[in-house]
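The block underneath contains the structure these notes are about, expressed in structure tokens.
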Amino acid sequence: MNGKLGPKGSIGYRGRTWQNVEDEIWTLVNKTFQRYNSNETVKLRQQLFDELRDLAVNITLLTTEVGHGSKMKPARSCKDLMVVRPGLGDGDYYIDPNEGSTADAFLAFCNFTAGGETCVIPERERIPFRRWPYLVQSSEVNAPRVWWNVAYDEREISYGVKQGQIKLLRYFSKQARQTFVFRCLETIAAHDANRNTSDNALKYLGDDGNVHRLLDDDANYYIHKDGCQIKPTKKDRTIFTITSSGSRLNVLPVRDFAIGDFTHRDQKFGMKIGSVCFS
């Protein structure tokens with residue numbers, strides 16, 4: 001049985017604010033330069049203040065449990081990092097959505113300009129522009145397509161991040177987007193202008209394990225430029241972004257793809273696989 005509460009203790013000392021810390025730094029800086037003409041040392045004075053403030057911030061972060069984007073203390077997401085360290089610029093930071101062991105933390109691109117997007121970078125961002133003979137399919141009607149990861153497994157699309165981390169990023173996010181640049185020669189990417197159809201549009205395997213096709217209803221698609229819609233005899237490109245949200249958020253990232261109407265060896269393509277960005 002618990003006894004009665006004891007008397008209330010005295011109020012402790014009030015903690016210092018960041019304004020107190022900055023005031024103390026300025027006092028130190030001014031003392032350092034008080035023997036010099038202030039007009040000659042304004043820039044150097046400001047530089048010293050900035051360096052001391054950054055040092056104070058880093059020491060404070062190292063002594064707290066808040067993740068701040070380093071390998072030692074990764075943040076849960078880039079949006080969390082933006083709250084903790086609002087002055088950071090866009091760049092690569094360590095992220096650990098499960099907040100457990102830092103062994104599975106990974107380096108992500110944080111797009112603070114876009115509101116704190118966490119962008120997971122593919123391990124291989126570029127597929128070279130050239131012929132890919134193992135992708136050539138039969139010219140028969142409705143012939144099955146050849147999937148990239150099957151034909152060229154040594155170049156498979158991967159992100160170097162554990163699946164559990166991807167799932168948690170989705171849990172903390174409302175939408176995801178991924179942009180691709182498809183370079184082509186006599187190859188269709190999305191719309192086939194000659195046949196006025198999208199039947200030959202790229203098919204892709206989503207992270208949900210299902211096969212989707214560009215311009216279907218399974219996600220939102222934005223075609224920035226479609227230079228591959230008439231099977232050009234000169235090299236061109238199609239740029240498109242896939243955006244998923246709500247119950248279809250798990251469509252991204254893209255795990256594999258297959259090209260339609262890829263029936264002869266003279267056809268060429270290449271692709272830049274963009275980061276998948278969660279927000």
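The values are calculated or read from the model by the stated rules, or taken from the named source; none is laboratory data. Treat the numbers as computed from the prediction; the structure is a model and nothing was measured. We place every Cβ from the backbone using ideal geometry, glycine too, and count neighbours over all the protein chains shown. These accessible areas exclude ligands, DNA and RNA; they are computed on the full protein's heavy atoms, side chains included. Shrake-Rupley method; radii C 1.70, N 1.55, O 1.52, S 1.80 Å.
Taken over the Cα atoms of the range 122-279, the convex hull encloses 104 Å³ per residue. With a simple spin-label model that places each label point 7 Å from the Cα along the Cα-to-Cβ direction, the separation between V42 and D199 comes to 7.3 nm.
With a cut-off of 18 Å on the backbone N, the residues of the range 97-113 near the modelled label site 7 Å out from Y171 along Cα-Cβ are 97-106. Both radii were evaluated on the Cα set of the range 204-279; the Rg over Rh quotient, with Rh as the Kirkwood radius, amounts to 0.98.
Each Cα pair under 8 Å and six or more residues apart adds its separation to the average, and for the range 199-279 the resulting relative contact order is 36 percent. On the basis of the beta-carbon distance and an R0 of 22 Å, D104 and N250 show a calculated FRET efficiency of 0.65. Placing dummy labels 7 Å off each Cα toward the beta-carbon, the span from K235 to Q137 is 2.5 nm.
Sorting the segments 122-133, 208-219 by their mean number of nearby beta carbons within 10 angstrom, highest to lowest, gives 208-219, 122-133. For the range 101-144, the Kirkwood hydrodynamic radius from C-alpha pairs, put into Stokes-Einstein at 10 °C and a viscosity of 1.306 mPa s, yields a diffusion coefficient of 106 µm² per second.
Quick one: pull the percent of accessible area on the range 140-279 belonging to carbon and sulfur, 1.4 Å probe, ligands and nucleic acids left out.
44
Taking all protein chains into account, the per residue accessible area for the range 164-279 stands at 44 Å² (1.4 Å probe). Peptide packing for 86-98, 242-254 was compared via the average number of neighbouring C-beta atoms within 10 Å per residue; ordered from the highest value, the list is 242-254, 86-98. Each peptide among 152-159, 259-266 gets the average number of other Cβ atoms lying within 10 Å of its residues, and from highest to lowest they stand as 259-266, 152-159. Taking the Kirkwood radius as Rh and the Cα radius of gyration as Rg, the range 68-149 has a ratio of Rg/Rh equal to 1.27.
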